[in-house]
Amino acid sequence: MTEHFDVLVVGAGISGIGTGYHLQTRCPDRSYAILEGRSAMGGTWDLFRYPGIRSDSDMHTLGFAFEPWTDAKSIADGPSIRSYVEWTARKHGIDRHIRYGVRVRSAEWSTPDATWTVTATGPDGEDVTYSCNFLAMCAGYYDYSRGYQPDFPGADRFRGDVIHPQFWPEGLDYAGKRIVVIGSGATAVTLVPELARQAAHVTMLQRSPTYVVSRPAEDGFANWLRRRLPGRVAYGITRWKNVGLGMFFYRMARKRPDRVRGRILEMVRGHLGPDYDVDTHFTPSYAPWDQRMCLVPDADLFETIKAGSAEVVTDRIETFTEDGLRLESGRELAADVIVSATGLELQLMGGMRVSIDGEERDLAKSLNYKGMMFSDVPNLSSTFGYTNASWTLKADLTAVYVCRLLNVLRGRGLRQATPRVGTTPITPEPLLSFTSGYVQRAADRMPAQGNRKPWKLNQNYALDLLALRFGSVDADMEFSNPVEAKPGSAVEHRDKAAA
Ligand SMILES: Cc1cc2nc3c(=O)[nH]c(=O)nc-3n(C[C@H](O)[C@H](O)[C@H](O)COP(=O)(O)OP(=O)(O)OC[C@H]3O[C@@H](n4cnc5c(N)ncnc54)[C@H](O)[C@@H]3O)c2cc1C
């Protein structure tokens, strides 16, 4: 039996829970369910269990717009974020809409029925199907089943443990061990200080450096404000303060890269002292924000390096050996455990196949509309957060926009909203401008954006807020497929009156 909902949401991470909230608040007469492939909600914040897992943006912007983050720590640990997501879902009754263990494989659109038929693997491995009129993908941006693991020469010779942070073994005892963490991204800089608390020694081995910026784990202003104002008001003010600061810093980085680079490196030198080789280990060859920056709370990474319990090595791996790694410089790194913090495997829409009226569509060949829909694909959104600010800011706007579309469709008695490029010329551009390895590796699997509105990403919360909350929904959007008039129905009366 195929169960039908007005809206199906795929994924019960931050985006899916936020979308559920907006649907039930803004479209209360529409039925919805959230299909989640795993057995728990929280997505990223449930999957990743490595020591020290935490956010690297502040929780006042990574948190839901509608549910204040009230912990003292603004840079929060993974379990606190998971609890916050679960608590929010329970408080608003969103958890009752989640179907766990349902991994969506494909979606087929039928224009005559104005319906998606969604095929999934159910909790017991069986095929299950659902149908819906609108499909809201909140499946994140990476493959849950595997992380990115380069083919390291000689990897099978190594006698110790090789671990990918996406699949951290529960209860792994690393006390007193020598650990090498391969990588220089957010995961590596999070892991190193945490592992160093118990390990004999930790080496962070990177091919090339990343910009690393320290920020207080607690936002003094936010905590001060919360003691004086109602929680919701204080949260709103802090959220806007952080949005504003983030936009300012990003703009400065793009407009005056040399000045911002100089300032960041000066701060790193301030933390590590004049004798530390900042040029080799913390000075990237690219400009600030050509790749995502790494944030460390209370300078924990720098403090650990200064204390001597961790070291950064900038070099390339020649081969794994029985006892560790040999580097191209000839240096050997002895290790009991090697952590391959080499990143994620990007994946769009949870790996789901899409077809429209019997014809399979490769969404990588389509154009992205407003950062959330696809050219010539009706009634389907895909949530993709900001790369230069907190993910949730855009996820929230996307959910609100979907609700607007649903209400416009209902108001006009139509069933289908399809982004169409139209006759105004458009030039495709890459969706993400980052030069990071994980973005470049996935470039051919991502749709393009256009060089003009509404096909060009703003990557700016204030502009998106205006465009998505208040801007026209008609720009390059085809509304079609009238609700069928059933004899005696309100639609039939309206059609007769119009005729
Ligand atoms: C370690 C780490 C730290 C991060 N830190 C930050 C940060 O500090 N700030 C920030 O802005 N961003 C951060 N991000 C990005 C982060 O993923 C987002 O902030 C946010 O959590 C994404 O939420 P989401 O709900 O969109 O996706 P996810 O959290 O990825 O959740 C997607 C959900 O969809 C489910 N799903 C996927 N495919 C299917 C399918 N086919 N069928 C059914 N269910 C499916 C998954 O099981 C999962 O539960 C981080 C990412 C990682 C990996």
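The set of residues in region 374-387 that are within 16 Å of the ligand (Cβ to nearest atom), open to solvent by less than 20 Å² (accessible area, probe 1.4 Å) and either assigned to a strand (DSSP E or B) or not β-branched (Val, Ile, Thr) (or both) comprises Leu380, Ser381, Ser382, Gly385, Tyr386. If you scan region 333-359, which residues turn out to be more than 16 Å from the ligand (Cβ to nearest atom) and on the phi > 0 side of the Ramachandran plot? Correct list: Asp357, Gly358.
The residues in region 247-268 that are open to solvent by less than 100 Å² (accessible area, probe 1.4 Å), over 15 Å from Asp290 (Cβ atoms) and touching a helix residue (DSSP H, G or I) at 6+ places or on another chain (Cβ under 9 Å) can be counted, and the count is 3. Thr61 passes every criterion in (1) within 14 Å of the ligand (Cβ to nearest atom); (2) assigned to a loop (DSSP other than H, G, I, E, B); (3) among the polar types (S, T, N, Q); (4) over 25 Å from Glu126 (Cβ atoms) apart from (2). Considering (1) in contact with a Pro (Cβ under 6 Å, 6 or more places away or on another chain); (2) open to solvent by less than 20 Å² (accessible area, probe 1.4 Å), the lone condition that Val278 does not fulfil carries the number (1).
Listed here are the residues, each with its yes/no results for (1) of a type in the set (Val, Ile, Thr); (2) part of a strand (DSSP E or B); (3) open to solvent by less than 50 Å² (accessible area, probe 1.4 Å).
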position	(1), (2), (3)
Asp29	no, no, no
Gly52	no, no, yes
Asp56	no, no, yes
Phe66	no, no, yes
Thr70	yes, no, no
Arg90	no, no, no
Arg105	no, yes, no
Glu108	no, yes, no
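Restricting attention to region 156-165, the residues being farther than 29 Å from Tyr211 by Cα and either touching a helix residue (DSSP H, G or I) at 6+ places or on another chain (Cβ under 8 Å) or open to solvent by less than 60 Å² (accessible area, probe 1.4 Å) (or both) number 2.
Annotation: of all residues in region 336-370 being open to solvent by 10 Å² or more (accessible area, probe 1.4 Å) and of a type in the set (Gly, Ala, Ser), the one that is farthest from Phe48 (Cα to Cα) is Gly358. Might you let me know whether region 405-415 holds any residue that is in contact (Cβ under 8 Å) with a residue 12 or more places away in the chain, within 16 Å of the ligand (Cβ to nearest atom) and either open to solvent by 20 Å² or more (accessible area, probe 1.4 Å) or assigned to a loop (DSSP other than H, G, I, E, B) (or both)? No, region 405-415 contains no residue that is in contact (Cβ under 8 Å) with a residue 12 or more places away in the chain, within 16 Å of the ligand (Cβ to nearest atom) and either open to solvent by 20 Å² or more (accessible area, probe 1.4 Å) or assigned to a loop (DSSP other than H, G, I, E, B) (or both). In region 231-249, is there at least one residue being under 28 Å from the mean Cα position of the chain (by Cα) and either under 30 Å from Gln149 (Cβ atoms) or assigned to a loop (DSSP other than H, G, I, E, B) (or both)? Looking for residues that are under 28 Å from the mean Cα position of the chain (by Cα) and either under 30 Å from Gln149 (Cβ atoms) or assigned to a loop (DSSP other than H, G, I, E, B) (or both), one finds none in region 231-249, hence no. Just to verify a result, which residue in region 35-50, among those that are in a loop (DSSP other than H, G, I, E, B) and among the charged types (D, E, K, R), is most open to solvent (accessible area, probe 1.4 Å)? The extreme case among them is Arg49.
Residues of region 316-332 that are on the phi < 0 side of the Ramachandran plot, touching a residue at least 12 places away in the same chain (Cβ under 8 Å) and not aromatic (Phe, Trp, Tyr): Arg316, Ile317, Glu318, Thr319, Thr321, Glu322, Asp323, Leu325, Leu327, Glu328, Ser329, Arg331. Flag not set for Ala139, criterion: more than 30 Å from Leu409 (Cα to Cα) and within 11 Å of the ligand (Cβ to nearest atom). Of all residues in region 11-30, one or more are more than 8 Å from the ligand (Cβ to nearest atom) and among the β-branched types (Val, Ile, Thr). Which residues, taken from region 166-192, are open to solvent by less than 30 Å² (accessible area, probe 1.4 Å), away from the ligand (no atom under 16 Å from the Cβ) and either without any contact (Cβ under 8 Å) to a residue 60 or more places away in the chain or in a loop (DSSP other than H, G, I, E, B) (or both)? Result: Tyr174, single match. Taking the criterion of being assigned to a strand (DSSP E or B), closer than 22 Å to Ser31 by Cβ and not hydroxyl-bearing (Ser, Thr, Tyr), the residues of region 128-155 that qualify are Val128, Cys132, Asn133, Phe134, Leu135, Ala136, Met137. Can you spot a residue in region 32-40 that is acidic (Asp, Glu), within 13 Å of the ligand (Cβ to nearest atom) and under 15 Å from the mean Cα position of the chain (by Cα)? No - not one qualifying residue is present in region 32-40. Within region 138-152, residues that are crowded, with 17+ Cβ neighbours inside 10 Å sit with their Cβ atoms under 8 Å from residues that are assigned to a loop (DSSP other than H, G, I, E, B) and among the hydroxyl-bearing types (Ser, Thr, Tyr), at 6+ positions apart or across chains, in these pairs: Cys138/Thr383; Gly147/Thr342; Tyr148/Thr342. Taking region 267-347 and the strands (runs of 3 or more DSSP E) fully enclosed by it, the elements with 1 or more residues that are at pLDDT 95 or above are at 294-297, 310-314, 317-320, 324-327, 332-334, 337-340.
Of the residues Arg215, Arg159, Arg226, the single one that is within 30 Å of Glu328 (Cα to Cα) and either touching a Leu at 6+ places or on another chain (Cβ under 6 Å) or touching a residue at least 60 places away in the same chain (Cβ under 8 Å) (or both) is Arg159. Within region 32-49, residues that are over 20 Å from Trp168 (Cβ atoms) and at pLDDT 95 or above reach partners that are assigned to a helix (DSSP H, G or I) and within 7 Å of the ligand (Cβ to nearest atom) with beta carbons closer than 7 Å, at six or more positions or on different chains, in the pairs Ile34/Gly16.
The values are calculated or read from the model by the stated rules, or taken from the named source; none is laboratory data. Worth saying up front: this structure is predicted, and the values here are computed from it rather than measured. Methodologically, a virtual Cβ is constructed for each residue, glycine included, from the backbone with ideal geometry; neighbour enumeration extends over all protein chains shown. Accessible surface areas use protein heavy atoms only, side chains included; no ligands, DNA or RNA. Shrake-Rupley method; radii C 1.70, N 1.55, O 1.52, S 1.80 Å.
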